Amino acid sequence: MHIAFAKKVRQLRLLKNHSVKEVAYHLGIDASTYHRLETGKSSNWLKYVPKLLELYKINEEQLFLGLPEDVVARKAVENNLAENSYLLQFFQKEIEKRDDLLNGLKKDLEQLRALNDKQFQELRFLKKNNF
(Lines give C-alpha, C1' and ligand atoms only; values in the text may rest on other atoms or scores of the structure.)
Protein backbone atom coordinates (compact mmCIF):
# COMPACT_ATOMS: atom_id res chain seq x y z
CA MET A 1 0.00 0.00 0.00
CA HIS A 2 1.16 3.50 -0.69
CA ILE A 3 2.64 5.15 2.42
CA ALA A 4 0.36 8.22 2.13
CA PHE A 5 -2.73 6.01 2.18
CA ALA A 6 -1.34 4.06 5.15
CA LYS A 7 -0.91 7.36 7.00
CA LYS A 8 -4.53 8.29 6.28
CA VAL A 9 -5.74 4.97 7.64
CA ARG A 10 -3.63 5.43 10.78
CA GLN A 11 -4.92 8.98 11.18
CA LEU A 12 -8.51 7.70 11.01
CA ARG A 13 -7.78 5.05 13.61
CA LEU A 14 -6.30 7.60 15.97
CA LEU A 15 -9.14 10.08 15.37
CA LYS A 16 -11.67 7.43 16.31
CA ASN A 17 -9.61 6.38 19.35
CA HIS A 18 -9.36 2.79 18.16
CA SER A 19 -6.47 0.56 19.08
CA VAL A 20 -4.63 -1.52 16.51
CA LYS A 21 -6.23 -4.60 18.07
CA GLU A 22 -9.75 -3.17 17.74
CA VAL A 23 -9.34 -2.35 14.05
CA ALA A 24 -7.64 -5.65 13.36
CA TYR A 25 -10.52 -7.48 15.05
CA HIS A 26 -13.05 -5.58 12.92
CA LEU A 27 -11.11 -6.51 9.79
CA GLY A 28 -10.80 -10.14 10.87
CA ILE A 29 -6.99 -10.15 10.97
CA ASP A 30 -4.41 -10.22 13.73
CA ALA A 31 -2.87 -7.04 15.11
CA SER A 32 0.56 -7.65 13.60
CA THR A 33 -0.95 -8.00 10.12
CA TYR A 34 -2.91 -4.80 10.60
CA HIS A 35 0.20 -3.02 11.83
CA ARG A 36 2.08 -4.03 8.66
CA LEU A 37 -0.80 -2.69 6.55
CA GLU A 38 -0.96 0.58 8.49
CA THR A 39 2.78 1.16 8.31
CA GLY A 40 2.87 0.51 4.56
CA LYS A 41 4.87 -2.71 4.83
CA SER A 42 2.07 -4.62 3.12
CA SER A 43 0.00 -3.63 0.09
CA ASN A 44 -2.96 -5.94 0.60
CA TRP A 45 -5.46 -3.21 1.55
CA LEU A 46 -8.03 -3.49 -1.19
CA LYS A 47 -10.02 -6.32 0.37
CA TYR A 48 -10.30 -4.40 3.68
CA VAL A 49 -11.64 -1.13 2.25
CA PRO A 50 -15.37 -1.99 2.68
CA LYS A 51 -14.85 -2.93 6.33
CA LEU A 52 -12.82 0.23 6.94
CA LEU A 53 -15.60 2.35 5.44
CA GLU A 54 -18.10 0.59 7.69
CA LEU A 55 -15.94 0.92 10.80
CA TYR A 56 -15.18 4.61 10.35
CA LYS A 57 -18.59 5.49 8.84
CA ILE A 58 -17.03 7.34 5.93
CA ASN A 59 -17.25 7.10 2.15
CA GLU A 60 -14.57 6.12 -0.35
CA GLU A 61 -13.70 9.74 -1.11
CA GLN A 62 -13.02 10.50 2.54
CA LEU A 63 -10.91 7.37 2.87
CA PHE A 64 -8.79 7.97 -0.20
CA LEU A 65 -8.66 11.76 -0.18
CA GLY A 66 -8.69 12.24 3.56
CA LEU A 67 -10.86 14.22 5.89
CA PRO A 68 -10.85 18.01 5.82
CA GLU A 69 -8.19 19.44 8.11
CA ASP A 70 -10.75 21.26 10.27
CA VAL A 71 -12.46 17.93 11.01
CA VAL A 72 -9.14 16.36 11.91
CA ALA A 73 -8.20 19.28 14.17
CA ARG A 74 -11.64 19.38 15.84
CA LYS A 75 -11.58 15.64 16.55
CA ALA A 76 -8.09 15.91 18.01
CA VAL A 77 -9.27 18.68 20.34
CA GLU A 78 -12.38 16.70 21.31
CA ASN A 79 -10.30 13.62 22.08
CA ASN A 80 -7.86 15.69 24.13
CA LEU A 81 -10.70 17.34 26.07
CA ALA A 82 -12.32 13.98 26.77
CA GLU A 83 -9.02 12.60 28.04
CA ASN A 84 -8.40 15.67 30.18
CA SER A 85 -11.93 15.47 31.59
CA TYR A 86 -11.36 11.84 32.55
CA LEU A 87 -8.06 12.70 34.20
CA LEU A 88 -9.62 15.62 36.06
CA GLN A 89 -12.38 13.39 37.43
CA PHE A 90 -9.86 10.72 38.38
CA PHE A 91 -7.67 13.17 40.29
CA GLN A 92 -10.67 14.81 41.96
CA LYS A 93 -11.69 11.39 43.30
CA GLU A 94 -8.14 10.73 44.46
CA ILE A 95 -8.07 14.08 46.25
CA GLU A 96 -11.38 13.27 47.95
CA LYS A 97 -9.96 9.92 49.11
CA ARG A 98 -6.84 11.64 50.47
CA ASP A 99 -8.99 14.28 52.20
CA ASP A 100 -11.08 11.57 53.84
CA LEU A 101 -7.93 9.78 54.97
CA LEU A 102 -6.44 13.00 56.29
CA ASN A 103 -9.62 13.82 58.23
CA GLY A 104 -9.60 10.33 59.74
CA LEU A 105 -5.98 10.73 60.77
CA LYS A 106 -6.74 14.11 62.35
CA LYS A 107 -9.52 12.53 64.43
CA ASP A 108 -7.18 9.72 65.49
CA LEU A 109 -4.55 12.27 66.49
CA GLU A 110 -7.08 14.21 68.58
CA GLN A 111 -8.12 10.99 70.35
CA LEU A 112 -4.49 10.07 71.03
CA ARG A 113 -3.77 13.53 72.41
CA ALA A 114 -6.82 13.33 74.69
CA LEU A 115 -5.76 9.88 75.89
CA ASN A 116 -2.19 11.10 76.42
CA ASP A 117 -3.43 14.12 78.41
CA LYS A 118 -5.59 11.85 80.58
CA GLN A 119 -2.71 9.44 81.22
CA PHE A 120 -0.37 12.35 82.00
CA GLN A 121 -2.86 13.73 84.55
CA GLU A 122 -3.20 10.28 86.16
CA LEU A 123 0.58 9.97 86.37
CA ARG A 124 0.83 13.39 88.06
CA PHE A 125 -1.84 12.40 90.53
CA LEU A 126 0.00 9.18 91.34
CA LYS A 127 3.33 10.96 91.81
CA LYS A 128 1.74 13.67 93.89
CA ASN A 129 0.11 11.11 96.16
CA ASN A 130 3.20 8.88 96.26
CA PHE A 131 1.59 5.82 94.74
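The values are calculated or read from the model by the stated rules, or taken from the named source; none is laboratory data. Because the structure is a prediction, the values reported are computed rather than measured. Here the Cβ positions follow ideal geometry from the backbone for every residue, glycine too, while neighbour counts run over all protein chains shown. Heads up: the accessible areas ignore ligands, DNA and RNA and are worked out on the full protein's heavy atoms, side chains in. Shrake-Rupley method; radii C 1.70, N 1.55, O 1.52, S 1.80 Å.
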Excluding residues fewer than 8 positions from Lys127 in its own chain, the aspartates and glutamates with Cα under 16 Å of it are Asp117
The chain, Gaussian network, Cα under 10 Å: of Leu88, Leu112, Leu14, the residue fluctuating most is Leu112
So if I average 1/r over every pair of distinct C-alpha atoms in the stretch 1-68 and take the inverse, what Kirkwood radius in Å does that give? 11.7
Helix 69-128 versus the longest principal axis of the chain: what angle, 0 to 90°, nearest 10, using Cα atoms? 10
Can you give the accessible area of Lys97, probe radius 1.4 Å, in Å² rounded to 10? 120
Run the numbers for Phe125 and Tyr86: contour at 0.36 nm per residue of separation, minus the present Cα-Cα distance, in nm. 8.2 nm
Please compute the net charge surrounding Gln119, taking Lys and Arg as +1 and Asp and Glu as -1 over other residues with Cβ under 14 Å from its Cβ. +2
With the Cα gyration tensor of the chain giving a ≥ b ≥ c as the square roots of its eigenvalues, does the rule (a/c under 1.5 for rounded; else a/b larger than b/c for prolate; else oblate) give rounded, prolate or oblate? prolate
Between the helical axis of 3-15 and the dominant principal axis of the chain, each derived from Cα atoms, what acute angle in degrees is found, rounded to the nearest 10? 40
What is the packing order of peptides 48-58, 30-40, taking the mean over residues of other C-beta atoms within 10 Å and listing the highest first? 30-40, 48-58
